[in-house]
């Protein structure tokens, strides 16, 4: 619970002219920079470095003083050759190829599922440990699906320096944010059923989607027709069912990730989950309304205490001033915020709770979680 | 199911420079105007005529050719004296006083609960039938709480011309929109429990809130701090727990309306309801994610057929093209749209369904419902 949450309107601005705004960096002395670049650290590759999550990987590496011997900036052919600066050094973005992973200890992938499928196994063969942010391998047997605060034991035995490559999957952003709050309660009272409705930000669809939301908003305010390239319909001042393909059972793939990933992460094939995933015109943090049904009774005061002591979770639950988590308040923050903690009136005997959760989709929902995994590999 | 829903991005503009945009009026011949002004029609008063719902009352009266002998435009002292035109005639806004209701058959109130409490009973004493859009009398025993498609029987015997005043309450917008879709399913399979998460538009907090959302959005896009007068925090590109006061049980008043009003409208004190109400940066239509648990099994195909045949409901449920209801698509429309109709994976034996509902908050959520009630009084 490191973060101090400030009132969102004190921020002044929601995002800089570029919507892929960086979090405010800690002031860093030259000494600190040398700390990150360490001869006995791992060699790292960032795959998809020009994307929203790729950029956030770099921010988080810096913020957490992640030690590394060297770092490779990898992206598609289109971005290859671009110059970038990271921690005071200049880098050229290299084209991702099968040879990119020679001598790489840890590769952080966030370039979409097809890139992960194409290059992930090749990297593992070269002895690289791949932390993959895509959905390509999440449900594959034997691939750990890890939220470090929740199921670190799933990646037991995987370490840099063992001379063996491995695949580790980062869960979907909605799953991470939901389970950060639900797991501590599950550990106490066992969740039998969970009904989730999401309020998902533009960032989940990448930097281009964030730019489209900003562009459309300007257009609509000027009375112009909105540009719809990334999404098939107007996003500004609107919301819609998540754009992931809908399966024959009527759930879209985003919803099924919440259903299936929860079972895998909790090692509980019996937990019942239903989800409705909705995109809202918010920039970079997701919110989720979560209704929980427990095997054992759990009163709201106990739940609040459990959540206050949960790692990576901050409780914002001020009923008197109507101050609860908002996407803006958690943007660029590491912790997942939870509030609206209350006994569910529709369930008897304290067997139900309603909670409202917000988390930065790019940070804990993607980059931070992946780098926390990478830290456990050292 | 009169409305034809078009793709939202075909609309081009979301709202005119004034966000309190009027729906596109039907072209009306002078003859039609004479049709509405009828000597044997009731005398009508609109209380709160300068507000968002008050203005929509007028639109709906015109759109539905509501017959009236005379119409009084009533508002607070601040707005008294303003000139306005309605159906080709000029009116002066009059200050609302205890004498305003002399000779008035039907008064449509939408000026907040305290105004309703102050003037509603006085109007009833003068023989006026008050259709009240506030929450002042909704839960009062003996006051019918009516959605005409759902429980018209609740106002049986109340008619203009019986020489007796009466109070009839319009339910809260979220309740109306939810129950328009849930009731036809309830009638078939009996809802035991309902878990609702809302995505509520600015309009629910009035015209000034819509203006604040627009203003804030411009400010944030220009890098300025957002003006927070109506809400205590940034609304543009953000969302937050509904601003209604939070009760000791942790639910806010908006949520408790859904719980209590559902029980009254369905005459079912046992139905279990929980709700989480959230404001999203959308202009004038609400969305709701509704999870239903039924006493009897109900498969999704049957549910879809039931909803297709339900009055005032339109089904938008195209999985192949990922086309489902959106707030923008139902804005200025009469019908409530329902989609994402699917068997709930977390309940066994077809005892559960998930649905997603959108409805215009000002129209069916307020003005239209009130005027449908008024029509039944004639």
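With q set to 0.21 Å⁻¹, the log10 of I(q)/I(0) for the range B:131-283, from the Debye formula over equal scatterers at the Cα positions, is -1.28. Here the gap between residue B:164 and residue B:140, fully extended at 0.36 nm per residue and compared with their Cα-Cα distance, gives a gain of 6.8 nm. Take each residue of peptide A:338-346, count the partner chain Cβ atoms within 10 Å of its Cβ, and average: the result is 6. Distance from the C-alpha centroid of the range A:323-378 to that of the range A:115-170: 24 Å, rounded to the whole angstrom. When only Cα pairs below 8 angstrom with a gap of at least 6 residues are kept, chain B shows a relative contact order of 18 percent. Fewest neighbouring Cβ atoms within 10 Å first, the residues B:173, B:228 line up as B:228, B:173.
Here the Gaussian network model covers chain A, with springs between Cα atoms less than 10 Å apart; of A:321, A:331, A:346, A:321 fluctuates the most. The angle separating the long axis of helix A:207-221 from the principal Cα axis of greatest extent in chain A is about 60 degrees.
Working from Cα positions, state the angle (0 to 90°, nearest 10) between the long axis of helix B:113-125 and the longest principal axis of chain B. With both axes taken from Cα atoms, the answer is about 60 degrees. Report summary: the helix-based calculation at 222 nm, which adds -39500 (n - 2.57) for every DSSP H run with n ≥ 4 and divides by the residues of chain A, gives -8000 deg cm²/dmol. Extents of the range A:174-361, largest first, come to 54, 43, 28 Å (Cα atoms, principal axes, whole angstrom). Could you give the distance between the Cα centres of the range B:33-86 and the range A:37-59, to the whole Å? Comparing the Cα centres of the range B:33-86 and the range A:37-59, I get a distance of 64 Å. Inter-chain Cβ neighbour count for A:277-284, averaged per residue, equals 5 (cutoff 10 Å, partner chain atoms only).
Quotient of the Cα radius of gyration of the range B:83-221 and 2.2 N^0.38 Å, N being its number of residues: 1.29. Across peptide A:168-176, the average count of Cβ atoms from other chains found within 10 Å of a residue's Cβ is 0. Working from Cα pairs under 8 Å separated by at least six residues, relative contact order for the range A:174-361 is 29 percent. The angle between the Cα long axis of helix A:52-63 and the longest principal axis of the Cα atoms of chain A comes to about 80 degrees, rounded to the nearest 10. Among A:146-155, B:75-84, the peptide with the highest mean count of other Cβ atoms within 10 Å heads the list, and the full ranking is A:146-155, B:75-84.
If you take the Cα centroid of the range B:256-304 and the Cα centroid of the range B:211-234, the two points sit 31 Å apart.
Built from the Cα atoms of the protein assembly as shown, the convex hull projects on average onto 32.0 nm², one quarter of its surface area. Distance from the axis that maps chain A onto chain B is least for the Cβ of the chain A residue given, with the whole Å value, as A:197, 2.
Bear in mind these aren't lab numbers, they're just calculated from the coordinates by the rules spelled out. All figures in this text were calculated on a predicted structure; none of them were measured in a lab. FYI the Cβ positions are ideal-geometry reconstructions off the backbone, even for glycines, and counts take in every protein chain you see.
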